[in-house]
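Read the figures in this text as sums done on the coordinates, not as results from a lab. Nothing here was measured: the structure is a model prediction, and the numbers come from that model. Using ideal geometry, Cβ is built from the backbone for each residue, glycine included, and neighbour counts are taken over all protein chains shown.
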Amino acid sequence: MSIGEVGGVVVGRGPQGGLMCNGMGGAEVEVGDGEDVVQRIGGVCGVNEGLRKLLDGLRGCRGNSGWLRLEVEVSESGPQSILDFVRRLGSCCQERFYYRSREGGVEVGGLGFAWKRESLDSLSKVGELCKGLRVYVAGKFDSERPAGSEWEDFGADGLVFVPVVEYREGGVLVLNVDRSQSRWREHSEGTLRQLITGHADDLVSWNAPLSHQSQGSKSGDWARSIKSIKDKFQAGESSKIVLARTFNFECERTPPDPFSLLPLLHELTPNGFLFGLQPMKDKVFLGCSPEQLFYLESFEVLTESLAGTCAVDGNRKEAVEYILSSKKDRYEQGLVTQHIISSLKQCGARSVDGTHDIVHLPHLVHLRTKLSASLTERSLLDNATRLLQAMNPTPAVCGLPTSVAKSSLSDLEPFDRGLYSGPFGYVGENSSEFCVSIRSALFVGQRMIVYAGAGIVPTSDPEQEWHETALKMIPFLQLLGEMDAEQAFEAACSDIPVHFMSTDTASDD
Ligand SMILES: C=C(O[C@H]1C=CC=C(C(=O)O)[C@@H]1O)C(=O)O
């Protein structure tokens with residue numbers, strides 16, 4: 001595909017001719033049917049005007065194969081404009097998506113699905129996706145486990161997708177069209193029109209639902225599960241299993257837009273990956289995770305082993321000293337590091353470099369080893385697919401051996417993890433990155449389910465591990481239940497259902 005500039009428009013041009021693209025400068029340009037087309041529409045404008053330009057740009061396009069991507073540069077690229085875009089257009093589009101990498105280098109808000117698959121294997125078949133295109137992935141932790149009804153619509157294996165409209169870092173608004181789909185024009189135009197003419201929501205701060213009741217895993221069941229995990233250790237079947245539990249809220253009414261939690265979660269955990277996915281109305285999975293699965297650029301991969309947790313009870317320095325000298329935490333994290341190194345080797349790495357550090361989060365610290373390696377010289381998509389297969393799930397969220405841990409968790413956890421602790425990220429033209437979607441929650445109608453897990457090793461104490469999962473739930477419980485951190489911790493530790501009565505304090509941002 002060649003790129004040319006016509007009348008202020010950059011156009012991808014196919015050799016066969018046949019498809020007419022009417023550029024914004026008025027020039028009509030012929031591009032090949034079946035070829036991928038990338039067109040940058042000139043002139044910086046506001047978001048609404050940008051959406052109109054995309055609609056105009058679409059008018060002259062025809063064809064029934066190949067990707068079409070129209071891009072407009074928009075001026076509103078303030079600190080939260082991408083997240084605000086996704087929040088404001090919630091009433092105009094049922095399918096929403098948001099992702100921000102830990103350092104913020106990649107940030108995207110997506111609306112509608114231009115292309116969607118339910119199997120992660122489909123990622124290896126997207127080799128022909130066009131230049132500049134990013135494919136986003138939200139994978140399930142264990143797709144072999146029977147799906148819980150709460151996770152319906154999140155795909156059999158998760159979702160692999162390209163949004164219709166993307167608002168990307170650097171202030172670029174993108175329209176993605178897969179012209180091989182029947183009725184691609186109606187679908188794309190329909191989505192754009194809804195966004196342009198629909199009623200944009202006011203930005204309202206999250207306010208906890210007026211009345212809600214909590215329930216979730218019980219500490220007695222937790223202790224019994226740990227006992228059976230330890231039996232597996234004794235029988236020599238496993239060395240580590242990461243057991244998770246849930247904290248559920250039942251509300252009297254559907255709570256406010258869950259996407260409005262994202263800025264608050266990010267404030268509490270600024271050094272996290274921020275993500276949200278709404279495959280349909282009243283179903284949202286979101287979170288703010290400290291854990292990177294991998295970052296891949298060219299053949300160079302960065303990854304990390306994050307495990308081992310110590311509470312920060314006032315004095316961070318003491319917590320750091322404690323965790324650095326804790327044999328149990330070092331063992332637990334060492335298993336993850338070793339597994340990741342062997343996964344990297346499976347993907348062609350000859351040597352792996354590593355440095356240790358500590359991750360500081362509200363109320364806790366984790367051990368981390370940052371790892372880097374050079375992989376075999378294959379395409380980025382090929383390497384990303386192989387990394388996903390080899391690394392996911394790591395023993396930071398599953399256990400060892402992976403198959404034994406997975407089947408034990410399927411027996412012991414009385415709920416489907418769905419996307420919790422699965423990979424969440426993208427494969428793009430020049431880079432690919434995934435986080436592990438821990439520190440997350442699912443919103444289904446009037447239910448809100450918070451997930452957290454803890455690595456169980458032979459020396460684990462059930463009560464301490466229960467407290468550890470409570471610590472990990474604090475940011476969510478603080479926000480969902482309108483509590484301070486101490487109350488949130490107590491609620492997360494308690495076996496007794498709590499009845500919340502919040503005050504109605506919705507306010508403009
Ligand atoms: C499984 C979770 O955390 C993992 C990541 C960091 C530390 C962990 C731990 O100490 O057990 C877990 O491996 C979770 O937050 O749900």
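Which of Lys370/Lys406; Lys140/Lys472; Lys218/Lys370; Lys317/Lys345; Lys140/Lys327; Lys283/Lys345 have a Cα-Cα distance over 28 Å? Walk me through the numbers before you get to the answer.
Numbers: Lys370/Lys406 25 Å; Lys140/Lys472 20 Å; Lys218/Lys370 35 Å; Lys317/Lys345 36 Å; Lys140/Lys327 32 Å; Lys283/Lys345 38 Å.
Lys218/Lys370; Lys317/Lys345; Lys140/Lys327; Lys283/Lys345, as the Cα separations exceed 28 Å there.
Ranked from highest to lowest mean number of other Cβ atoms within 10 Å per residue, what is the order of the peptides 218-227, 362-371?
362-371, 218-227
What is the Cα radius of gyration of the chain over 2.2 N^0.38 Å, N being its residue count? Kindly include the intermediate steps, with their values, before the conclusion.
Working: Rg = 23.5 Å, N = 509, 2.2 N^0.38 = 23.5 Å.
The chain yields a ratio of 1.00.
Please list the helices of the chain that count as membrane-span-like by this rule: a mean Kyte-Doolittle hydropathy of at least -0.5 together with Cα atoms stretching 20 Å or more along the helix axis, each helix being a complete DSSP H run.
In the chain, the long hydrophobic H runs are 462-480.
Can you give me the long-range amide H partners of Val38? Hydrogens built in the peptide plane at 1.01 Å from N, cutoff under 5 Å, separation of 5 or more residues or another chain.
Close amide H contacts, sequence-distant or interchain: Gly12, Arg69.
Find, among the trypsin sites (Lys or Arg not before Pro) in region 268-347, those assigned to loop by DSSP (not H, G, I, E, B) with at most 12 other beta-carbon atoms within 10 angstrom. Provide the component values of the computation, followed by the final result.
Values: sites: Lys281, Lys283, Arg316, Lys317, Lys327, Lys328, Arg330, Lys345; in loops: Lys281.
Loop-located and lightly packed - none at all.
Return the whole-Å distance between the Cα centroid of region 456-481 and the Cα centroid of region 98-149.
29 Å
Rounded to whole Hz and in sequence order, give me ³J(HN,Hα) for region 356-369 from the Karplus expression 6.51 cos²θ - 1.76 cosθ + 1.60, θ = phi - 60°, writing x for Gly and Pro.
Result, ordered by residue: 9, 8, 10, 9, 9, 10, x, 6, 7, 10, 10, 7, 9, 10 Hz.
Of all GluC sites (Glu not before Pro) in region 137-221, which ones are in loop regions per DSSP and have a Cβ with at most 11 other Cβ atoms within 10 Å?
Answer in residue order: Glu144.
When a footprinting reagent is the concern and you count Cβ atoms within 10 Å, what order do Met280, Met448 take, fewest first?
Ascending Cβ contact count within 10 Å gives the list Met280, Met448.
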